[in-house]
Each structure stands twice: as C-alpha cells, then as structure tokens.
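One structure below.
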Amino acid sequence: MSANTVVNPEFAARSTEQVACAHCSLPVPAGLIEPGAAAQFCCHGCRTVYEVIHSSGLDRYYALRPADSSGVAPARTTGRSYAEFDDSAFREMHCQAQPGGVYSIELFLEGVHCAACVWLVEKLPLIAPGVVSARLELRRSLLRLTWDPGGGALSTAARALDSLGYSPHPARDVAKRTIRRREDARLLVRIGVAGAIAGNVMLLGFALYSGMFAVMEPQYQALFRVLSMVLTVVSLAWPGSMFFRGAWAAIRTRTAHLDLPIAIGLAAGGVAGVVNTLLGRGEIYFDSLAVLVFALLVGRWVQYRQQRWASDAVEMLYSLTPSAVRLIEGDAIREAPIEVVKRGDLVEVRGNETVPVDGDVVNGESSIDQSLLTGESRPTHVAGGDRVCAGTINISSPLRIRVTAAGEETRVGKLLRIVEECAARPAPMVRLADRMAGWFTAAVLALAAITVVVWMVIDPARAIDNATALLIVTCPCALGLTTPLAVTIAIGRAAKRGILIKGGDTLERLARPGRMILDKTGTLTQGRVSIVRWCGADWARPLVAAIESNSAHPVARAFVEAFRADADVSLKPGGAITTLGAGVAGRVGAREVCVGSAAWVRSRASREAQGIASHVDQFLSEGLAPVLVAVDGEIVAAAGVGDALRDDSRGALDWLRSRGWGVELLSGDHADVVKRVAGDLGIAEQDARGGRLPEQKLEYVRSAQSAGDAVMVGDGVNDAAALAAAHVGIAVHGGAEASLAAADVYLNRPGLTPIVELIQASRRTFAAIRRTLAISLGYNLTGAALAMTGILNPLIAAILMPVSSFTVLAMALGVRTFGGRR
C-alpha cells in the first residue's frame with residue numbers, strides 16, 4: 001500500500017500482539033485466536049495439516065524445519081478426492097509399470113520449500129497404504145512415487161499428500177525426462193573416469209619429473225611413460241570423445257565452436273605423445289592432456305545443468321493446469337481425468353476452484369477472477385451464455401459449463417504451447433568464447449606453421465616437437481572455463497539473494513541497456529485487491545471484518561486482511577446473504593450490517609453520514625472502486641478498493657531510466673487505469689498501453705525486439721507467452737506458476753528492487769568475464785611464445801596449464817556480483 005494513497009496512516013499501522021501459527025509460524029489473525037487453546041492456527045489448512053502430522057507420528061518435521069519462516073505460506077489443502085488418479089486412462093497416460101507388479105508416477109507438488117518438506121513427503125509409505133517408496137527432488141518439487149495397486153489406490157496416496165499441504169499434479173513428458181536423466185548419468189560417469197585417470201597420470205608425471213633432477217632407471221622411465229600413454233589414450237578415446245564429435249560437427253556445419261581448438265590441441269598432444277612414447281624420445285605431455293579432459297568435462301557439465309533447469313521448468317507448465325474435472329453424465333457427477341473430456345461435455349466448477357476447460361456457462365451465476373489470464377485486477381461477473389476460459393478462478397457460486405475446448409486446445413493451453421516453443425528456440429546470442437573460437441583456431445594453426453618453418457631452419461629435429469608443444473599449451477582450457485564458471489558463481493550468489501536465473505545469456509542481455517516492458521497487475525502493483533482508502537467511522541471496522549469473514553470474494557478477503565487488528569472474536573455474523581455483483585448483508589450481534597457497491601447499499605439504507613458522497617466521488621477520480629458500509633440503516637463509512645502500487649516501484653523505475661533503460665507499461669487492465677498508474681510512475685502516456693490480451697502482448701514484445709533487447713517483466717499466465725518470447729523474461733514474486741516456468745529470471749522477493757540488483761550484478765559479471773578472458777588469452781600467448789622459442793619443457797607446461805585454470809577460478813570467485821547486505 002503506497003504512502004500517498006492512505007488517508008488514515010494509523011489505519012495501516014495499528015497492530016496487536018501477534019500470535020504465531022503452530023504450523024507455518026505466520027501471524028494468526030485476531031479473529032481466529034482461540035483463547036486457552038494450546039495451538040493456534042492462521043487458517044483451516046494449517047490446522048488440518050498440523051493434525052495429520054501429529055496423528056501420524058511425524059512431529060519431527062517441526063524440528064527439521066528452518067526457524068526462519070520467510071517465504072513460507074500457509075498450508076493449502078484442497079480436500080479433493082483425486083478419483084481421476086484411479087481412472088484407467090489416467091494410468092495409461094501418466095504411470096509406468098515396474099517389475100514386481102508395482103507402478104511408478106512422477107508428481108509435481110505444490111508447497112515444497114525446504115529440506116523438512118523432503119523428509120515429510122518421503123515418509124509417505126508410513127501413512128498411505130500401498131506406497132512402496134517416495135523420493136522427492138527439492139529443486140524441482142518433483143516426487144517419484146512407487147506404489148502397489150494391490151495394497152492401496154493411487155488416489156489414497158494423493159489425498160495423503162494433499163492432507164499434508166502438498167497438492168499433487170501429474171508431471172508430463174516423463175519419457176523425455178527419463179532420457180535426459182540417462183544422458184546426465186553418462187556424462188557424470190565420463191567425468192568420474194576422466195578425474196580418476198587425471199589423478200593417476202599426474203602421479204606418474206610426478207615420478208617422471210623427479211627423474212629430471214636425479215637419475216631414473218631407463219626401464220622404470222619407459223614403464224611410466226607407457227602407463228601414462230595407456231591411461232591418457234583411454235581418457236581421450238572415451239570421456240574426451242565428445243570434444244572430437246563436437247569439432248567434427250563444427251567442421252561439417254562450417255560454424256565456429258570452442259570444441260574445434262580444444263580437439264586440435266588434444267589430438268596433437270595425443271598423437272605426439274604416443275609417437276614419442278613408442279620411439280622412446282621427446283616429450284609426452286600426458287599429464288596435461290588428462291587434466292585438460294577432466295577440467296573441460298566439468299565445465300561442460302555446468303553448462304548442461306543450466307540448460308536442463310530451463311527445460312525442466314517449461315515441462316512443468318502443463319503439470320500446473322487442472323488434471324481433473326467434475327463431469328456431468330445425466331443426473332450423476334463424477335471426477336474424471338481432463339484427458340477424457342471432449343467438446344460438448346457438461347462440467348461443474350464449484351466456488352474457489354480453477355476452471356479446467358474453455359466453455360459457455362449453461363447454468364449458474366458467479367464472479368470470475370481472470371487476473372492471471374488477462375491481467376484484469378477486478379472480478380468479472382458471469383451468468384448463462386457467458387464464455388469462461390481455463391485457468392480462471394470461480395470465486396463464489398457453482399457453475400455448469402458446456403465444453404468448447406479442453407487440454408492443449410484451450411486458450412491457456414495454446415499460450416503454454418507458445419511458451420514451450422519460445423523456450424526451445426536457440427539462444428539468439430552465441431557465447432563470447434564461441435565467437436572467439438574461429439579466430440583462435442586460425443591464429444593457433446598459423447603460429448604452429450610458423451614455428452615449424454622457423455625451426456626447420458634453426459634445428460629441424462626440434463621443429464615438430466616445438467609446434468606440438470604450442471598446440472598443446474594453447475589448448476583453450478581456461479578460455480572454456482571462464483564463462484561457465486563466472487556465470488555459475490553469479491547464478492549461485494543470485495539464488496542466495498532470492499533471484500533465480502536460468503542461464504548465462506540472461507546476464508549477458510541485462511548487462512547492457514534496452515527496453516523494459518512491465519505488466520501492471522502484480523508487478524508494479526500489489527497484485528491483489530486491497531483497502532487503499534478508508535473514510536468514516538472507525539468503530540464500524542470490527543463489524544465489517546465479521547460480516548465479511550465467511551466470504552471468499554476478493555473484496556471480502558481484503559477487508560478481513562485490512563481489519564485484522566480491529567477484529568473482535570466475540571462478534572459472530574448471522575444470516576449473512578451475499579448478492580452477486582453487489583455485496584453482503586446480515587446481522588453482527590445486535591446490529592444490521594450491509595457492505596457493498598454504492599448503488600446497492602444506498603438502495604438499502606435510509607440515511608447517509610455527512611461527507612460520504614464527496615469521498616465516493618474522490619475515489620472514482622482516483623480509479624478506486626467505492627464500497628459503502630451501512631450499519632442499522634445508516635451509511636457510516638466508505639472504502640476505496642483497488643490495487644495499490646508497490647512502495648519501491650517509482651524509485652526502481654527512476655534508477656532504470658537513469659541507466660539508459662527505456663521503460664514501458666503493457667497491461668491487460670483497463671486503459672484508463674493503466675494511464676493513471678503510468679502518470680504516478682512517471683511513464684509517458686504514449687508508453688502506457690492497456691486492455692491488451694495475452695496474444696497482443698506477445699505480438700508487441702516480438703515487434704519490440706526488432707529495435708534491440710526487449711525485457712518483459714510480469715507475473716500472470718497472461719504474461720507467460722510474452723515472457724518466453726522476450727530476450728529476457730522476468731517473473732516477479734507471487735506470480736503464476738506458468739509465468740515462473742516461462743521466465744528466464746524469477747524474483748523470490750517482492751518489489752522491483754531485485755531487478756535493480758540483477759542489472760547491477762549482470763554488468764559486474766560480464767565485466768569480470770571480459771577480464772578473465774583477457775587473462776586466459778594472456779596465458780595462451782605466454783605459452784605460445786615459450787613454445788615457439790623452444791623454452792617450454794614438460795615441467796613448465798605442467799605448471800603453466802593448471803595455474804591458468806586456477807587463476808580463472810580465483811578471479812571468478814573474487815568478483816563482487818551480488819554483494820552487500822540484504
């Protein structure tokens with residue numbers, strides 16, 4: 001709530017002594033405190049989960065959980081039956097048969113946030129019959145569940161997870177993830193073998209270096225050389241083969257790639273070493289080659305993990321859409337998998353549930369929250385004949401909907417497909433190291449040729465050895481490690497600051513100014529309906545909190561949240577009647593209370609306190625929705641309801657503009673509301689665009705890319721396609737899961753201040769990369785000069801090459817990327 005929009009500052013500051021929830025440790029609203037109770041709870045979900053954990057003997061969860069409750073949300077239980085999990089169509093699509101008559105499934109869990117959650121979820125076999133094992137991956141919140149159908153139904157395990165506060169969703173593309181896991185395992189085996197070989201070859205190398213200062217028996221020297229050769233040939237032929245395949249692909253496609261100079265150096269060193277070992281002469285360099293293969297494989301693993309993270313996030317998009325519907329067949333209603341629903345079917349959606357399909361309302365009347373799909377911050381009233389879309393939330397009354405599209409054919413499904421296509425596109429900018437590979441290869445080969453020609457004149461016997469030494473010592477190990485190391489360290493430090501980055505190209509884009517396009521709802525504003533202004537009788541606040549306490553409407557929740565400090569547990573509402581699109585009326589104690597729209601409340605009240613009309617006019621001029629409060633027939637207060645600006649929005653945008661960034665506003669909310677917000681934030685009117693549908697946002701971002709780097713910042717499903725299509729997509733704290741998966745960056749802290757930190761750190765990171773690249777090139781030039789002059793010997797090479805890598809590592813660790821205190 002911004003400071004310039006609150007008339008009564010004491011209203012926001014008023015507080016009482018806080019009582020912590022026994023489950024999530026968040027403050028308990030005053031209206032929910034039970035005097036004398038041993039445990040207090042902030043919501044029904046936390047109470048349910050707490051009772052399940054204690055009744056199952058899993059109290060140790062609370063000892064394992066971090067003491068800091070920041071980032072923890074109240075437990076959420078849906079109470080669903082998950083009957084669709086037992087359907088044969090569901091099993092065929094999502095489950096895999098395993099030996100012994102058991103089945104396995106991968107489930108995405110909501111609400112996973114710490115290692116204690118992993119401990120609790122993996123105790124599932126103790127509380128759910130038939131579950132054989134449960135293994136949870138914390139980073140992706142992905143559970144691999146194995147169960148015996150003869151011992152218990154899958155729906156029973158799903159209900160057990162839900163009762164613990166972890167709503168399960170079936171994960172899609174299981175086969176594709178299985179293939180990637182096998183690829184990752186193979187690469188890890190390669191790294192392990194390369195590391196073992198490098199260690200053993202280095203030990204043999206130390207023995208040979210010792211022989212340079214003392215006499216070594218010829219037979220032992222030959223033995224050590226042969227052993228080094230055998231081990232290194234194995235390293236080059238198996239773990240290091242991926243660099244030769246990459247180099248051959250670069251040659252065939254005529255594209256520069258860092259694998260090309262790496263393969264040349266490894267091949268030259270390997271061939272020369274084998275020839276010299278068999279002939280019993282010259283240098284072998286096997287220790288340097290073995291260490292090179294190991295170090296380069298580690299760097300390649302770091303890059304692959306970044307790519308896997310982005311890919312896994314996109315695959316989780318479809319796991320977050322509803323997997324079941326209430327299908328109406330005659331007079332019966334059954335839960336069925338979304339996969340069996342077809343056009344023309346009739347489904348039921350109850351209050352506070354997500355709409356699973358696109359369709360037309362056949363029966364019922366309710367309010368729909370479309371904020372995540374369209375960006376509209378206010379609920380929309382729907383009735384018979386109105387069209388509703390999958391992904392929106394039915395706020396109040398049950399609706400019966402005739403299906404027009406389901407699954408991937410829905411509007412949100414098509415948006416998510418665009419997200420997937422955009423995320424799969426190749427990075428538009430090749431890494432700096434790869435751009436240098438072509439020139440680097442040509443320069444090294446030219447220097448090697450010059451070395452051969454010159455030494456043929458000086459000493460023909462040393463010409464080939466010196467040229468080979470040059471190719472080996474200039475193998476770009478440090479060049480290949482610089483970018484992945486610096487980027488990985490920056491990404492790790494960003495994660496500690498609550499900024500999750502999926503790839504290094506994101507930092508590269510943000511290191512230079514461009515166009516920053518921001519959504520309004522949830523990005524620049526709080527993203528939820530709140531009581532921005534209150535004018536009138538303060539004594540009416542407890543009455544309003546009481547009458548609204550049993551409603552799920554966003555305005556009702558806003559009143560309950562705003563008046564927590566004023567809530568009186570002794571006040572009990574009775575006979576409350578909600579009128580859709582108007583308000584709520586009923587008795588609180590001995591008083592008649594009515595809260596709702598101005599026209600509706602005035603039609604039910606006989607008197608109005610002085611000044612209420614002027615406050616209503618003022619609210620309307622500020623873009624706020626007026627809500628009136630009447631007690632015993634007299635209108636005694638008015639509230640201005642809206643979506644308040646975040647406190648740091650103006651300061652963050654001013655900083656961006658001062659650094660050369662162009663700032664624009666792109667929203668699905670009403671154009672007039674968007675223009676007023678733009679004026680408050682200093683954004684020019686021509687740069688503020690409202691009333692844009694998700695498809696229109698996508699087209700605008702694509703057109704903006706032609707003028708330079710376009711950065712999209714948003715939080716809803718309506719932003720997901722634009723986030724994925726932009727050069728950099730940033731999802732803000734509290735956003736929809738689809739937007740988090742589509743974006744390149746997720747801000748785990750509220751506000752726009754993390755964007756300022758992100759851009760500052762991106763500039764520092766790429767400045768550090770340029771410095772380390774310069775240092776690594778300096779090492780290569782030094783090594784080339786020593787080789788060309790004939791000074792380089794095995795001992796100098798063995799010292800120079802690891803020192804180069806360690807220097808790059810030290811510089812990457814030492815750079816101040818995401819520094820300072822939080």
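Applying 1/(1 + (r/R0)^6) with r as the Cβ-Cβ distance of residue 340 and residue 671 and R0 = 30 angstrom yields a FRET efficiency of 0.15. With every protein chain in place and a 1.4 angstrom probe, the accessible-area ranking of 43, 95, largest first, reads 43, 95. Extension gain, residue 538 to residue 271, is 87.4 nm, computed as 0.36 nm per intervening residue step minus the present C-alpha separation. Remark: region 18-171 carries a charge dipole of roughly 280 debye about the Cα centre, counting +1 on each Lys and Arg Cβ and -1 on each Asp and Glu Cβ. When the surface is traced with a 1.4 Å probe over the full set of protein chains, residue 88 keeps roughly 90 Å² accessible. Sorting 520, 675 on solvent-accessible area from highest to lowest, probe radius 1.4 Å, gives 675, 520.
If a spin label sat at a point 7 angstrom from the Cα of residue 614 along the line to its beta carbon, the backbone N atoms of region 637-652 nearer than 20 Å would be those of 637-641. For residue 148, the accessible area of its heavy atoms, probed at 1.4 Å with every protein chain present, is near 60 square angstrom.
Surface listing: 816, 254, 646 arranged by accessible area from highest to lowest gives 254, 816, 646, probe 1.4 Å. Accessible area of region 18-171 with a 1.4 Å probe: how many percent of it is carbon plus sulfur? That share works out to 53 percent. Potential lengthening of the chain between residue 577 and residue 402 amounts to 60.2 nm, from the contour at 0.36 nm per residue minus the alpha-carbon distance.
Counting only heavy atoms of protein chains, what accessible area per residue, in Å², does region 324-409 have with a probe of 1.4 Å?
For region 324-409, the per-residue accessible area is 43 Å².
Among the listed pairs 520/675; 342/697; 502/675, those whose Cα-Cα separation exceeds 22 Å are 342/697; 502/675. Using +1 at the C-beta of Lys and Arg and -1 at the C-beta of Asp and Glu, which of 42, 153, 128 has the Cα lying farthest in the positive direction of the dipole of region 18-171? Comparing the listed Cα positions along the dipole, 42 ranks first.
Only protein heavy atoms count here; under a 1.4 Å probe, residue 772 has an accessible surface of about 0 Å².
Compute the FRET efficiency between residue 634 and residue 693 as 1/(1 + (r/R0)^6), taking r as their Cβ-Cβ distance and R0 = 30 Å, and round to the nearest 0.05.
0.10
Remark: region 18-171 carries 44 Å² of accessible area per residue (probe radius 1.4 Å; ligands, DNA and RNA excluded).
The values are calculated or read from the model by the stated rules, or taken from the named source; none is laboratory data. As the structure is a prediction and not an experimental result, all values here were calculated from the model. Note: ideal-geometry Cβ built from the backbone for every residue, glycine included; neighbour counts use all protein chains shown. What goes into the accessible areas is simple: the full protein's heavy atoms, side chains included, and nothing from ligands, DNA or RNA. Shrake-Rupley method; radii C 1.70, N 1.55, O 1.52, S 1.80 Å.
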